[in-house]
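Below is one structure, written out as structure tokens, with a few remarks after it.
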Amino acid sequence: MIRPSAPEVVRIVAVCTGNVCRSPLAEQLLRARLGTETGVEIASAGLAAPAGASMDPTSSEWSRRLGGDPRAAVAKQLGPELIDGATVLLTMTAAQRDDLVRTFPAALLRTFTLVEFARLITANAPEGGVTSPRGWVDLVQQCSRLRHQAVLSPQDDVLDPIGGDDRTHERVAREIDGAVEAICGAVLGR
């Protein structure tokens, strides 16, 4: 098997529908937990984003509570430039994952739901964590080969909190926080 060349920079892209609640929250928590010293770039975008829209105020508040920084959050539409440069793409639902790969088939082996990737990376990351872009590429490829081990149910989808009450927003924020914590723990070797 031919191994693709390793990127110079690892890029994680969180994806949801509008890019105003779930994916920016995941982006901000990943950035806060991975830090700048890991060399990982993190972005978010939406499959149907109202480009330029501000982050939902309740989601922004949860980001701050959980250690994120929502100040620069602006909705972006997912496009080829983000897809092509991504090491891994993380959607909030299985339907979003399926929509993304229907539109961008080349992203199939790099696209997971957030919960799916958290399960796979926790089970398959090297003991000392992931320390290089090549390590990231290898781990994403391994997770893709083993995705059958992360059996998902509809309960694993991160619900869209738009229009929901405070409890819904809190539940969504905590689900995203738990998955992000699992991913970062595996990546950092904790």
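Remarks
- Residue check, Ile176 part of a helix (DSSP H, G or I) and of a type outside the set (Gly, Ala, Ser): yes
- Taking the listed residues Ala118, Ala150, the one that is touching a residue at least 40 places away in the same chain (Cβ under 8 Å), closer than 29 Å to Arg190 by Cα and hydrophobic (A, V, I, L, M, F, W, C) is Ala118, with no other qualifying.
- Total residues in segment 76-94 satisfying the condition of being assigned to a loop (DSSP other than H, G, I, E, B), surrounded by fewer than 22 Cβ atoms within 10 Å (Cβ to Cβ) and not β-branched (Val, Ile, Thr): the figure is 2.
- Qualifying residue in segment 45-61 (condition: more than 21 Å from Gly163 (Cα to Cα) and out of contact with any helix residue (DSSP H, G or I) (no Cβ under 8 Å at 6 or more places or on another chain)): no
- Any chance Met55 is closer than 16 Å to Leu25 by Cα, surrounded by 13 or more Cβ atoms within 10 Å (Cβ to Cβ) and more than 13 Å from the chain's Cα centre (by Cα): yes
- Options Val88, Val10, Val15: the member that is within 23 Å of Leu109 (Cα to Cα), touching a Pro at 6+ places or on another chain (Cβ under 6 Å), of a type outside the set (Lys, Arg) and touching a residue at least 60 places away in the same chain (Cβ under 8 Å): Val10
- Qualifying position, being of a type in the set (Gly, Ala, Ser), more than 14 Å from the chain's Cα centre (by Cα) and in a loop (DSSP other than H, G, I, E, B), among Ala48, Ala106: Ala48
- Picking from residues in segment 61-106 that are touching a strand residue (DSSP E or B) at 6+ places or on another chain (Cβ under 7 Å) and among the hydroxyl-bearing types (Ser, Thr, Tyr), the one that is nearest to Leu159 (Cα to Cα) is Thr93.
- Of residues in segment 157-170 being acidic (Asp, Glu) and assigned to a helix (DSSP H, G or I), the one surrounded by the most Cβ atoms within 10 Å (Cβ to Cβ): Glu170
Matching residues to (1) part of a strand (DSSP E or B); (2) modelled with pLDDT of 95 or more; (3) buried (at least 16 other Cβ atoms within 10 Å of the Cβ):
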residue: Arg97; (1), (2), (3): no, yes, yes
residue: Arg102; (1), (2), (3): no, yes, no
residue: Val115; (1), (2), (3): no, yes, yes
residue: Glu127; (1), (2), (3): no, no, no
residue: Gln155; (1), (2), (3): no, no, no
residue: Val172; (1), (2), (3): no, yes, yes
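- Qualifying residues in segment 13-27 (those that are under 20 Å from Pro80 (Cβ atoms) and crowded, with 24+ Cβ neighbours inside 10 Å) - the one farthest from the chain's Cα centre (by Cα): Asn19
- Filter result for Leu139 (in contact (Cβ under 8 Å) with a residue 24 or more places away in the chain and under 25 Å from Glu175 (Cα atoms)): no
The values are calculated or read from the model by the stated rules, or taken from the named source; none is laboratory data. Nothing here was measured: the structure is a model prediction, and the numbers come from that model. Please note: Cβ atoms are built from the backbone with ideal geometry, for glycine as well, and neighbour counts cover all protein chains shown.
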